[in-house]
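Here the structure comes first, spelled out in structure tokens, and everything after it is commentary.
The values are calculated or read from the model by the stated rules, or taken from the named source; none is laboratory data. Bear in mind that the values here come from a model prediction, so they are computed numbers and not experimental data. Glycine gets a Cβ as well: all are built from the backbone with ideal geometry, and neighbour counts include every protein chain shown.
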Amino acid sequence: MTEISRIFKPRRELGKTGWMATVLGVGDLADRSLPIEECVATARRALEVGLNVIDTAPSYEEGYSEEIVGRAVTGRREEVFVITKIDHPDQPVAGQVQASLERLGMEFADCLLFHSVSEMAVWQHIAARGGPMDELEACVREGMGRFRGISSHHPDVLRAALESGRCDVVMFAAGPFGDARFVNEILPLARRKGVGTVCFKTFGAGKLLGDTDGYGRPLQARPRGKPGAGGRDAAGAPSLPALTVGECVCYTLTCDPDVALLGLSSPSEQDAAFAAARAFRPLPGAEMDDIRRRAAKAVEGKGPCWWTP
């Protein structure tokens, strides 16, 4: 752990927030099948090696994730940039933010994002005069949060949000499988606008690494023509096409968002990702193309990829 921790030093300002962020961030760690103490310990393990951005949302295990994050950052609040979200833009914003802060046990969150804004009509509602973004900006003025923005699964929505000038931070996919516009258009636009980028789906909700339809759920229906009953082979390896943790992490780091947000939900997953980050060198174009090609094969038959249009 000591050797690994040396690489996780603040690397780059997150947009214009003034926060010097580490290249990796800590994603959702909530699992109600596990004692909260175990989830908290896993989150703290990632923070102890230096990671300083952590993400949560009320909808992650119905608030359990926010409770975990709140406990995990106790005693180191000033060292961690905490992101949480507003799940319901059709409901009063301040009440949702206050409920999140109570679960987190915090006076404020560093960043408040409207969650999964992936339809243009929803963004237009959020950005309308007197609408939810105005309510969120009032929360920021009142000290309930420091910065604001959106997470989204659609590049057109992200472009509109960035052009509006009303986002300090945006979250979107930048993994081996996804719409190329996220990396080719949205990342450069965010840089030009000085907006922070926190990117997710490096592992494609686990689909790129194993035989799952997302977040550890065993694949029930196999793709036509594929043998076996799902899951992994006798040696524990995926029985369908898959990428390695190192390939996925190096792909996203080559895309170069401000922060690559990883689930890191067990010590073994953390160690694999930390090792990949430690060994990282930017990948050449031909290798990036090859990873994208194999990623397209790796998600076949594993259910919808909701993070890309």
**Prompt:** exposed (fewer than 15 other Cβ atoms within 10 Å of the Cβ) and assigned to a loop (DSSP other than H, G, I, E, B), is that true of Gly95?
**Reply:** no
**Asked** Can you tell me how many residues in the range 223-241 are touching a Gly at 6+ places or on another chain (Cβ under 6 Å) and modelled with pLDDT of 55 or more?
**Response** 2
**Message:** Residue pairs, Cβ under 9 Å, 6 or more apart or interchain, first in the range 264-291 and within 27 Å of Gly216 (Cα to Cα) and at pLDDT 90 or above, second surrounded by 14 or more Cβ atoms within 10 Å (Cβ to Cβ) and of a type in the set (Ser, Thr, Tyr). List them.
**Reply:** Gln270/Thr42; Ala273/Thr202; Phe280/Thr254; Met288/Tyr251; Met288/Thr254; Ile291/Tyr251
**Selection from the range 83-92 of residues that are buried (at least 24 other Cβ atoms within 10 Å of the Cβ) and either touching a Gly at 6+ places or on another chain (Cβ under 9 Å) or free of Cβ contacts under 8 Å to residues at least 12 places away in the same chain (or both)** = Ile83, Thr84
**Prompt:** In the range 113-121, is there at least one residue being of a type in the set (Val, Ile, Thr) and in a helix (DSSP H, G or I)?
**Reply:** no
**Fill in**
When the range 169-180 is checked residue by residue, the ones that are of a type outside the set (Phe, Trp, Tyr), in a loop (DSSP other than H, G, I, E, B) and surrounded by 21 or more Cβ atoms within 10 Å (Cβ to Cβ) are Ala174, Gly175, Pro176, Gly178
**Request:** Find all pairs meeting these conditions: Cβ atoms under 9 angstrom apart; at least six residues apart or on different chains; first residue within the range 21-46 and free of Cβ contacts under 8 Å to residues at least 24 places away in the same chain; second residue hydroxyl-bearing (Ser, Thr, Tyr).
**Result:** Leu34/Thr42
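Residue-wise test of (1) surrounded by fewer than 20 Cβ atoms within 10 Å (Cβ to Cβ); (2) on the phi > 0 side of the Ramachandran plot; (3) in a helix (DSSP H, G or I); (4) of a type in the set (A, V, I, L, M, F, W, C).
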site	(1), (2), (3), (4)
Glu102	yes, no, yes, no
Ile150	no, no, no, yes
Ala160	yes, no, yes, yes
Arg191	yes, no, yes, no
**Prompt:** How do the pairs read when you match residues in the range 155-182 that are in contact (Cβ under 8 Å) with a residue 60 or more places away in the chain and closer than 17 Å to Ala121 by Cα with residues anywhere that are among the aromatic types (Phe, Trp, Tyr) and outside any helix (DSSP H, G or I), using Cβ under 9 Å and keeping only pairs 6 or more apart or on different chains?
**Reply:** Pro155/Phe172
**Fill in**
Within the range 252-284, residues being in contact with an Asp or Glu (Cβ under 7 Å, 6 or more places away or on another chain) and aliphatic (A, V, I, L, M) number 1
